[in-house]
Amino acid sequence: MLIVVNDPTHVERELCAGRLSCPHCEGELRPWGHARLRVLRTAAQEIELQPRRARCGSCRVTSVLLSDVCLFRRVDEVAVIGRALLEKAAGAGHRRIAVRLGRPQETVRGWLRRFSSRIALIQAHFRHWALALDPRLETVTPQGSPLAEALEAIGLATRAASLVFGPRAVWSWVSAMTGGALLANTNSPFPAPR
Ligand SMILES: [Zn+2]
C-alpha cells in the first residue's frame, strides 16, 4: 500500500508518468487496475472510494494507492480520528467524544486504545521526522502527558513537512508519514524519513 495525496487526477498523472515509487523497492509503479470499493466516513457523510492499484516494474508487487485522508483498514477519515485524539488530550472521555463525533463508543475507544498502545513508537517516529525536517527543533523539550507529547511531536513534524514539501492537512501528513499504519495492529516500524 502507498499513501498518496487526495487528488485522483494528480495521482493518475504521476502514476502514468512513472513518477510514483514502489514502497517496497523504490522501483517505478505502473497502473494495474483498481482495488475494491471502500466506504470512507468523513465528519459529515459516507463516501465511496475505489483506490487505484499499481504494480512495480522491478519487484512486480502490486500496491493499493490509498488517499491520505484514509488509514489502512479504518473506515473513518483520519481527520475524524485525529479530532478524537485531540479531544482526549483536552480531557474528554471516549463516551463524550463518541457523541460529539457521531460514532459508536466502541469505535472511539478502539482508536484511543490502539493509539495509546503505540504511543511511544508514534511519539519517537514524529520526533524523528520533525528533527529530520527542521534541525533547529533540537532544543525543544517536550513536557506533559504521553498523549500531549505525542500530539506535540505530530504537530511539529507535520508543520515542518508542510514548510518543506508544501501544504497538506495535518492528519493527511500523519497518514502519509505512517504509511497509513498509524493505528495498525502490528509492531512493524513506520517508514523512516527520507
Ligand atoms: Zn518494487
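Derivation of every value follows stated rules applied to the coordinates shown; laboratory data play no part. Remember, it's a predicted structure, so these values are computed and weren't measured experimentally. Note that each Cβ is placed from the backbone with ideal geometry, even for glycine, and that neighbours are counted across all protein chains shown.
Key figures
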| quantity | calculated |
| --- | --- |
| Potential lengthening between GLU12 and LEU121 on full extension [0.36 nm per residue; Cα-Cα distance subtracted] | 35.9 nm |
| Selected from GLY155, GLY18, GLY179 as most flexible by GNM, with the chain as the system and alpha-carbon contacts under 10 Å | GLY18 |
| Spatial separation of Cα centroids for segment 93-121 and segment 13-61, in angstrom | 28 Å |
| Virtual spin-label span in nm between ARG19 and ARG109, 7 Å along Cα→Cβ | 4.7 nm |
| Per residue convex hull volume, Cα atoms of segment 78-177, in Å³ | 88 Å³ |
| ALA90/LEU37 FRET efficiency (R0 35 Å; Cβ-Cβ; nearest 0.05) | 0.50 |
| Added length on full extension, which subtracts the Cα-Cα distance from 0.36 nm per residue, PHE165 to SER58 | 35.8 nm |
| Bridge type composition, the chain - antiparallel percent by DSSP, nearest 5 | 75 percent |
| Estimated distance in nm for a label pair at HIS128 and GLU26, the labels positioned 7 Å out from Cα along Cα-to-Cβ | 1.7 nm |
| THR186/GLN45 FRET efficiency (R0 41 Å; Cβ-Cβ; nearest 0.05) | 0.85 |
| Segment VAL75-VAL5, extension gain: residue separation times 0.36 nm, minus the distance between their alpha carbons | 23.4 nm |
